[in-house]
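Enquirer: Just dropping this structure here.
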Amino acid sequence: MLKKTSLALGGAALFLAWNGLLLLFLWSRPGNIPSPQSPQSPEGSRLLPAQLLQLAQDAEAELRLQRDLLLQIQKFSRRQRQKTPEPPQIPSTEAEFPVIPVLVLACDRSSVRRCLDKILRYRPSARRFPVIVSQDCGHAETARVIASYGQAVAHIRQPDLSDIAVPPEHRKFQGYYKISRHYRWALGQVFRTFRYRAAIVVEDDLEVAPDFFEYFQAVFPLLQRDPSLWCISAWNDNGKEAMVDAGHAELLYRTDFFPGLGWLLLAELWDELEPKWPPAFWDDWMRQPEQRRGRSCVRPEVSRTMTFGRKGVSHGQFFDQYLKFIKLNDRFVPFTQLDLSYLKKEEYERFFLQQVYSAPEIKIEELQKDAGRDLGAVRLQYRGRDSFKALAKALGLMDDLKSGVPRAGYRGIVSFVCRGRRVFLAPPSDWTGYDPSWS
């Protein structure tokens, strides 16, 4: 840098000196221009154009010399820059990480404040994670709460609040139709109107963990590169406090079950889903084989979201039995500093399946009798739908299946903790795939 500065100053000084010499040379030449005090004879008048022409030619010659000199200076300067290149500019994390909005879907819960407060508190950058609140229902109090955040959030409103014509047997499910319509409109705004390339979807009754954004930021590149993944979720369906290893909150898994409840998708997935988006029950529709197409999501050992919305369209289904017991992670895990390559499909299956099927198979009675971390991982085996549901219910797991896939399951395997011990509820090792008739 010092050499370049010296070179530039030297070139400028040479340029000024040369112009000074040029002016001195031209004005000091004798007989070029007659003095204004000398008598103007007819002969002098005839000589004046010739003298001006000669002066112009001399000036042109000197300017050509000056131009050649400047070109030489420029070539020299370029050679010097090639010898001592500038150090590369290392992009900051702020610059290299893409902008991913957090889409908060709201309706008539003024408690959306609890959701927004935590999102705004924990997000590391307003530029990288803008918050968009999409409101359905037209509820005035909820709208005032959202507006109170000013420029901290963008408030968009679903324009169509009309009732939806539904089949007679679905009359009591009108709310599910409106939710699906709202999702389609809101995601359309994010990906079509605002043209973002990815989005984190959150509902207004979710509270996020301190490392919620760190988690998504770390796993996002894997989602971009691995076509066997189609979402990243912050939720563990079996994440009750007694069923997770809170001391290893950094553990992540692949799952064939679409968890939702705080999830990241790419614009390319919306291109695929939007044309066939369902009129209702969008989350169960996402769990169908036609949509999943053999792809998986990433989910954490300890959830990075928890729900506080007991009242809603589902009328608290599962809330009192499961959802209110889900543990929200309370310590920050620096995921962006961890090696997450083990989540790639081939590598994951190699180590995960070996871990599962090398664990000793025991009966549930043995598991309930013995406990403790020092006893090592064990495997409980099921051989059919009824067997799975009976074991899941006895263990306190969610026992419902969607298109034959158990909640939090991967290749039919559900990993959880029971009385301080890692347990794999698994099908036989010759498992051949999910049976949608199990639902």
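Just so it is clear, none of the values below were taken in a lab; they were calculated from the coordinates. As the structure is a computational prediction, the values presented were derived from the model and not from experiment. All Cβ positions, even for glycine, are placed from backbone atoms using ideal geometry, and neighbour counts span all protein chains on display.
Enquirer: Excluding residues on the same chain fewer than 8 positions from Lys345, give the aspartates and glutamates whose Cα lies under 16 Å from its Cα.
Expert: Output for Lys345: Asp226, Asp256.
Enquirer: Please compute the length gained on full extension between Trp277 and His170, using 0.36 nm multiplied by the number of residues separating them and subtracting their Cα-Cα distance.
Expert: Fully extending the segment from Trp277 to His170 adds 36.7 nm.
Enquirer: Taking a 22 Å limit on the Cα-Cα distance, which of the listed pairs Lys276/Lys402; Lys369/Lys393; Lys327/Lys393; Lys118/Lys393 fall beyond it?
Expert: Lys118/Lys393
Enquirer: Once every Cα of segment 358-438 carries one equal point scatterer and solvent is ignored, give the base-10 log of I(q)/I(0) from the Debye formula at q = 0.19 Å⁻¹, two decimals.
Expert: Each listed q maps to, in turn, -0.77.
Enquirer: Calculate how large, on average over all directions, the projected area of the Cα convex hull of segment 97-331 is; give the answer in nm² to one decimal.
Expert: That works out to 12.6 nm².
Enquirer: Moving on to the next point. Within the set of other residues whose C-beta is less than 10 Å from the C-beta of Pro360, count the net charge using Lys and Arg as +1 and Asp and Glu as -1.
Expert: -1
Enquirer: What is the gain in length, in nm to one decimal, between Glu290 and Ala242 on full extension, counting 0.36 nm per residue of separation less the C-alpha to C-alpha distance?
Expert: Stretched out fully, the Glu290 to Ala242 stretch lengthens by 13.8 nm.
Enquirer: If you take every DSSP beta bridge fully contained in segment 358-438, what fraction is antiparallel? Give it as a percent rounded to 5.
Expert: DSSP beta bridges in segment 358-438 are roughly 60 percent antiparallel.
Enquirer: Which whole-number percentage describes the relative contact order of segment 244-377, with Cα contacts under 8 Å and a sequence gap of 6 or more?
Expert: 29 percent
Enquirer: Under a cut-off of 15 Å between alpha-carbon atoms, report the aspartates and glutamates in cross-link reach of Lys324, not counting same-chain residues fewer than 8 places apart.
Expert: Asp205, Glu207, Asp237, Glu241
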